Amino acid sequence: MKRLCIALILSVAAASPAFAHLNPAEHGSFAAGLSHPLFGADHILAMIGVGLWTFVVGGHAIWAIPAAFVVTMMVGFVTALAGIGLPFVEPAIAASVVVLGLLALTALRLPVAVGMAVVGFFALFHGYAHGGELGSATSLPFMAGFALATALLHAAGLGIGLAGRQLSRNGLIAARIFGGLTTLGGLWLFTGA
């Protein structure tokens, strides 16, 4: 548990702030899509935040909320590829980190449909950013890669909550601590962006 927490903290600390932008000429492969979300603190923190919060909500939210994020993120990706404008992308992404961290920190249990709508709103911006960065490269393999990376980061957040059950009966302590760290990371993104 301690090693997992240390590894997660170090990976988040080593990530670059708010700009996970690869050279669009290099985009298009599944591997590029899979690695893309791992190069920005905003993506890592928001996606782990989704997993943390779904742990807090529990029940079928554990799959429904992350699925809503991934699906809506792909809609945002296609929206960007279609050339449809979306304002305030970077501020919305930074806000997503703060909000998702606060949801885990406060252990707020919303109805699953509301949770799906909340993460879906933010996922639209995350997906749009991915699509806007792609340029003219092939989109389907890249999209599949970043969708899988997103799901894996959600699972990491959920895993933090589940591993936290070793520290306390319900695991909320770990989810709240990491939710607070996520919120602080989001505030740092606002000041550094």
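Any idea which of R176, R165 is at pLDDT 80 or above and assigned to a helix (DSSP H, G or I)?
On the way: R165 fails: at pLDDT 80 or above.
Matching residue, one of R176, R165: R176.
Return yes when V118 is out of contact with any His (no Cβ under 7 Å at 6 or more places or on another chain), closer than 14 Å to H43 by Cα and assigned to a helix (DSSP H, G or I) and no when it is not.
Details: out of contact with any His (no Cβ under 7 Å at 6 or more places or on another chain): yes; closer than 14 Å to H43 by Cα: no; assigned to a helix (DSSP H, G or I): yes.
No, not satisfied.
Could you tell me which residue of the range 47-84 is surrounded by the fewest Cβ atoms within 10 Å (Cβ to Cβ), considering only residues that are closer than 14 Å to F125 by Cβ and hydroxyl-bearing (S, T, Y)?
Filtering the range 47-84 for residues that are closer than 14 Å to F125 by Cβ and hydroxyl-bearing (S, T, Y), the one surrounded by the fewest Cβ atoms within 10 Å (Cβ to Cβ) comes out as T79.
Among (1) among the polar types (S, T, N, Q); (2) modelled with pLDDT of 70 or more; (3) closer than 16 Å to F146 by Cα, which single condition is T54 missing?
(3)
Over 13 Å from D42 (Cβ atoms) and modelled with pLDDT of 90 or more, is that true of P87?
So P87 fits the description; yes.
What residue, of E133, E90, is acidic (D, E) and surrounded by fewer than 17 Cβ atoms within 10 Å (Cβ to Cβ)?
Working: E133 fails: surrounded by fewer than 17 Cβ atoms within 10 Å (Cβ to Cβ).
Testing whether each residue is acidic (D, E) and surrounded by fewer than 17 Cβ atoms within 10 Å (Cβ to Cβ) leaves just E90.
The values are calculated or read from the model by the stated rules, or taken from the named source; none is laboratory data. What you see is a predicted model, and the numbers here were worked out from it, not measured in a lab. Quick reminder, even Gly has a Cβ in these numbers, built from the backbone with ideal geometry, and neighbours come from all protein chains shown.
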